[in-house]
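Each remark here refers to the structure printed beneath this line.
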Amino acid sequence: MSAKAHSADNPVALMSGSSNHWYKVPSEDTVTFTTEYGDVVIALNPSLAPKHVERFKALIKSGFYDKQYFYRVVDGFVAQAGSNDTHDKEQIAPALLADIPAEFTRPLSQGVSVVESRDMFAPKTGFLDGFAVGIDEGRGEMWGLHCPGTVAFARNSEKDTASTEFYIVIGQAPRHLDRNMSVVGRVVSGMPALQKLPRGDAQYGSVIQEVTDNSKIGRALVHSDNHPNYYIQQPKHEEYLSRTNTGKTLDNPFFHDKVYAPRPVDVCYYKTKATITP
């Protein structure tokens with residue numbers, strides 16, 4: 001059986017599967033940031049960085065990000081947002097500004113699905129509830145990968161210095177950041193809006209010197225129970241298996257040179273899809 005469905009940004013035909021082929025993101029783990037170019041919806045995964053996810057939602061509920069900006073936007077890399085230390089600290093609860101201990105890696109979950117064992121930056125890669133992760137079975141560890149759309153907390157050079165600022169990967173996945181930043185989730189809708197954000201000048205570290213409404217976050221909110229749920233495709237979904245099989249084997253009339261097949265697949269390129277209509 002099949003049914004029409006669409007990803008949140010790019011309409012596509014998806015083969016329907018059993019319920020275990022989709023991860024239903026809890027409403028309280030989805031958040032929206034409004035921008036001049038449209039809404040950006042982020043799905044959070046507390047299993048990847050529980051303290052950072054908790055802080056992120058608390059900051060959103062406090063209104064911290066309302067009327068703030070994507071103040072550092074590096075073309076082909078990341079869009080960073082927050083106050084850039086311009087907030088009135090007297091108006092914010094100290095607990096929301098305190099540094100958070102780094103959560104670069106987490107104990108390996110039994111729910112992880114391995115997709116690739118020949119990744120360049122990890123012993124294995126795969127997904128936890130549709131979120132891309134690196135996997136080291138020997139060390140019993142997993143960590144969020146820096147794929148396009150990944151959301152993580154920014155920090156200073158010292159490891160335990162994340163507090164309020166966050167970034168979203170908008171270009172080529174900077175996988176050298178894996179295991180060195182605390183990943184909290186992924187964008188499930190709104191990447192086109194992020195791509196339209198004004199870019200910063202490289203001579204200033206891509207920090208925008210005079211921000212305008214084009215860079216502004218109108219408001220941020222944590223979804224309530226009456227908000228439509230988002231679903232993230234699991235790697236056992238028929239459509240995902242078909243897509244990655246083509247990537248590995250080049251089993252398609254378009255490909256003529258298959259000397260190096262089967263090839264490893266990059267899970268950041270072969271991402272699981274997100275939708276509100278599984």
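The values are calculated or read from the model by the stated rules, or taken from the named source; none is laboratory data. If you're wondering where the values come from, they're calculated on a predicted model, not measured in any experiment. Cβ placement follows ideal geometry from the backbone for every residue including glycine, while neighbour counts extend to all protein chains displayed. When the accessible area is computed, the model is the full protein with side chains, heavy atoms only, and any ligands, DNA or RNA have been set aside. Shrake-Rupley method; radii C 1.70, N 1.55, O 1.52, S 1.80 Å.
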Item to check | Label-point separation in nm, Arg118 to Asp75, each point 7 Å along Cα→Cβ | outcome: 3.5
Checklist entry - Amide H to amide H, which residues 5 or more places from Glu141 or on other chains are under 5 Å from it, using H placed in the peptide plane? => result Leu108, Asp136
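Pairs of Cα atoms under 8 Å, at least six residues apart: use those to get the relative contact order of the range 96-232, whole percent.
Numbers: 220 pairs, mean separation 29.0, N = 137.
Once divided by the residue count of the range 96-232, the mean separation gives 21 percent.
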Checklist entry - Any idea what diffusion coefficient the range 104-187 gets from Stokes-Einstein, in µm²/s, Kirkwood Rh on alpha carbon pairs, 10 °C, 1.306 mPa s? => result 122
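Kindly report the accessible area of the chain per residue (heavy atoms of protein chains, probe 1.4 Å, no ligands, DNA or RNA), in Å².
49
So which trypsin sites (Lys or Arg not before Pro) in the range 31-96 end up in coil per DSSP with only 13 or fewer other C-beta atoms within 10 Å?
Sites meeting the loop and neighbour criteria: Lys67.
Filter the chymotrypsin sites (Phe, Trp or Tyr not before Pro) in the range 202-256 to those in DSSP coil with at most 14 other Cβ atoms within 10 Å of their Cβ, and list the result. Present the calculation step by step, with values, prior to reporting the outcome.
Values: sites: Tyr204, Tyr230, Tyr231, Tyr240, Phe254, Phe255; in loops: Tyr230, Phe254, Phe255.
Of the chymotrypsin sites (Phe, Trp or Tyr not before Pro), the ones in loops of the range 202-256 whose Cβ has at most 14 other Cβ atoms within 10 Å are Phe254, Phe255.
How large a share of the accessible area of the chain, in percent, is made up of carbon and sulfur atoms when the probe is 1.4 Å and the other protein chains stay in place?
Numbers: 6610 of 13520 Å².
Accessible surface attributable to carbon and sulfur in the chain totals 49 percent.
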Checklist outcome for this item: Candidates Gly63, Gly200, Gly138; GNM for the chain (alpha-carbon contacts under 10 Å) flags as most fluctuating Gly138
Checklist entry - Cross-link partners among lysines for Lys51, C-alpha distance below 24 Å, same-chain residues fewer than 8 apart left out? => result Lys24, Lys61, Lys89, Lys159
Item to check | Furthest towards positive pole of dipole, Tyr270, Pro107, Asn214, structure part the chain, Cβ charges | outcome: Tyr270
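Starting from the range 118-168, pick out the GluC sites (Glu not before Pro) whose DSSP state is loop and whose Cβ has at most 13 other Cβ atoms within 10 Å. List each step's numbers first, then the result.
Numbers: sites: Glu137, Glu141, Glu158, Glu165; in loops: Glu137, Glu158, Glu165.
Passing both the DSSP loop test and the Cβ count: Glu137, Glu158.
Return the Rg/Rh value of the chain, two decimal places, where both radii are evaluated on C-alpha atoms and Rh is the Kirkwood radius.
On the way: Rg = 18.9 Å, Rh = 19.5 Å.
My calculation of the ratio gives 0.97.
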